[in-house]
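Reviewing the structure listed below.
Quick note: the coordinates plus some simple rules give every number you see, no bench work behind them. These figures come from a predicted structure and were not determined experimentally. Here Cβ is always computed from backbone atoms with ideal geometry, including for glycine, and neighbour counts include all displayed protein chains.
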Amino acid sequence: MHDKVIIVEGKTDRDQLLRILDEPVDIICTYGTISFDRLEELSEELIEKDVYVLVDADDAGEKLRRQLKQEIPHAEHLYITMLHREVAETPLNYLKRILRAAKFKVMPV
């Protein structure tokens, strides 16, 4: 496992990030929901990692974000706007700005 980890909801979110990241990052998909057992296991695995949460700007994403804030309190939360709503639908240039601000290396424009 790499030092940086991004938690997203789905495969299309992961694929969108993989298009622009220019460094090794583990991307964990929760597929919208995550069991208590898996969340507990994940929190132990990620205790010494730089963890980032990037979920959709909708009710399901916010519910997941609240769960992750409780179980992985050291995670940094990254946000997309309500205008874009879904990570997978967010324009790549906007995602690059979000990731650069969090000190990720991204592909050149």
Problem - Potential extension, A101-Y31 segment - 0.36 nm per residue separation minus Cα distance - result: 22.6 nm
Handout entry: Loop chymotrypsin sites (Phe, Trp or Tyr not before Pro), the range 50-109 (other Cβ atoms within 10 Å of the site Cβ: 12 or fewer; DSSP)
Key = Y79
Practice task
Send over the semi-axes of the range 4-101's equivalent ellipsoid, whole angstrom and largest first, taken as the square roots of 5 times the C-alpha gyration tensor eigenvalues.
Solution key: 20, 15, 11
Completion exercise
Going through K49/K103; K11/K63; K4/K69; K69/K96; K11/K103 one by one, the pairs whose alpha carbons sit over 21 Å apart turn out to be K69/K96; K11/K103
